[in-house]
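S.K.: Below you'll find the structure I mean.
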Amino acid sequence: MTENDAALAAADARDEFSFLPGQAAHLGVATPTARRVHAALADGRIVSALLFGESAPRVVLLHGAGLNAHTWDTTTLALGAPALVLDLPGHGDSSWREDADYRPRTLAPDAIRTIEEWADAPVVLVGHSLGGLTAAAVAAARPDLVAALLLVDITPGAAGGAGSAELRRFYEQTVFASREEVVERAMAFGLGGSLEDTRRGVFHNTRVLPAGPDGRSTVEWKHHFARLAHQALAAPAPAEASAPLVDATGWDDLAAVAAPVTLVRGTRGFVDDAAADDFARRLPSATVVTLDAPHNVQEVAPGALAALVSAHLDDAGTAGRPPSATPHPLAPHPTAAPDGTADDPTADAP
């Protein structure tokens, strides 16, 4: 075994929180306590989450499609406050849905159940991409749970452009001989940032399968989206593809949110000027903030994003509970995408 092989084998055996001390040292902050918790759902599924800090959190973070809770690690470290970070259904250590329905209004009840069990509501709810639209559905349905809503590089009208299509092509391959092969593919597609960051992201977003008859192990993505994207790419007709995750129900949810709403755009993200202008027109009371980052703002500009979250946390702490509002029911999705539906921009990099 070469020195590099030994290093890779050691990396495969790491604990999921073993990266935190190095990340904290790089930021010059203390390493918080962190543990994995679960919320049991009525149908037997579970939602898994990370709990940072000793006290009940007032910050809840939801990731984008194809990611997992650990995408928020650096932002959470920079924030320095107790936080609850969910693995959305179909991702990380949370159960996959048999119906493969991962639209925001479908995910919202599971997020609500987890917030009720592990957080101290009302919370500052932060969602990236698919997690942002899910957060909007949560805030609309349960105004008592949400003191402030931050959407990270997503609106119901954001199309994602070429970046979204490239990510679908990235998921054409779903099984690998090793995690390092996944790293090489991600780097070849220009995903994941530095080699160290990419290796950390791949570690958290893959699992090693038991060895086969030939004695060799293989590696696959932990999230359901890789398999769904692969199936959609192989479908002989567009009609067989999965339903889009983004539809006009997101605008209905945002219109019903009683809490303050902030959109955080990445300069190189999925929310272009037209989408941002549309958002500002539809929600004139919302705040729009632009940070120098691609779509995964939480990984590239964690300090700036954490500062925004902290400001909202301070405001929520002094203001107390949000004004009472009528809950917005999580109505069923339309059977067909309405006119103007955007291409799904929510399948994100590892």
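S.K.: How much length is gained if the chain between ASP277 and GLU172 is pulled fully straight, taking 0.36 nm per residue apart and subtracting their Cα-Cα distance, in nm to one decimal? If you can, show how the numbers build up before the last one.
M.R.: Details: separation 105, 0.36 × 105 = 37.80 nm, distance 3.38 nm.
Taking 0.36 nm per residue and subtracting the Cα distance, the gain is 34.4 nm.
S.K.: Could you go through region 270-285 in sequence order and give the Karplus-derived ³J(HN,Hα) for each residue, using 6.51 cos²θ - 1.76 cosθ + 1.60 with θ = phi - 60°, rounded to whole Hz, and x for Gly and Pro?
M.R.: Working through the residues one at a time gives 8, 8, 7, 4, 5, 5, 5, 5, 5, 4, 5, 5, 6, 10, x, 8 Hz.
S.K.: If you count, for each residue, the other Cβ atoms within 10 Å and average over each peptide, how do 212-219, 126-133 line up from highest to lowest?
M.R.: On the way: 212-219: 10.5, 126-133: 31.1.
Packing order, densest peptide first, comes out as 126-133, 212-219.
S.K.: Carbon and sulfur atoms: what percent of the 1.4 Å accessible area of region 1-152 do they account for? Could the numbers behind the result be given before it?
M.R.: Working: 2640 of 5060 Å².
Taking all protein chains in place, region 1-152 shows 52 percent carbon and sulfur surface.
S.K.: For Cα pairs less than 8 Å apart in space and 6+ apart in sequence, what is the mean separation divided by the residue count of region 134-216, i.e. the relative contact order in percent?
M.R.: 16 percent
S.K.: Still on this structure, please answer the following. If amide hydrogens are placed 1.01 Å from N in the peptide plane, which non-local residues have theirs closer than 5 Å to the one on GLY92?
M.R.: HIS223
S.K.: Measure out, as a whole number of angstrom, how far apart the alpha-carbon centroids of region 198-214 and region 50-124 sit.
M.R.: Taking the Cα centre of region 50-124 as reference, the centre of region 198-214 is 23 Å away.
S.K.: Next question. Leaving out ligands and nucleic acids, and using a 1.4 Å probe, what accessible area per residue does region 21-138 come to in Å²? Could the numbers behind the result be given before it?
M.R.: Numbers: 3500 Å² over 118 residues.
About 30 Å² of surface per residue is accessible.
S.K.: Sorting check: for 146-154, 73-81, which peptide has the highest mean count of neighbouring beta carbons within 10 Å, and how do the rest follow? Write down the numbers at each step before the final one.
M.R.: Details: 146-154: 28.1, 73-81: 23.6.
Packing proxy ranking, top to bottom: 146-154, 73-81.
The values are calculated or read from the model by the stated rules, or taken from the named source; none is laboratory data. Please read these numbers as outputs of a predicted model, since none were measured by experiment. Cβ: placed from backbone, ideal geometry, glycine included. Neighbour counts: every protein chain shown. Calculation scope for accessible area: heavy atoms of the full protein, side chains included, ligands and nucleic acids excluded. Shrake-Rupley method; radii C 1.70, N 1.55, O 1.52, S 1.80 Å.
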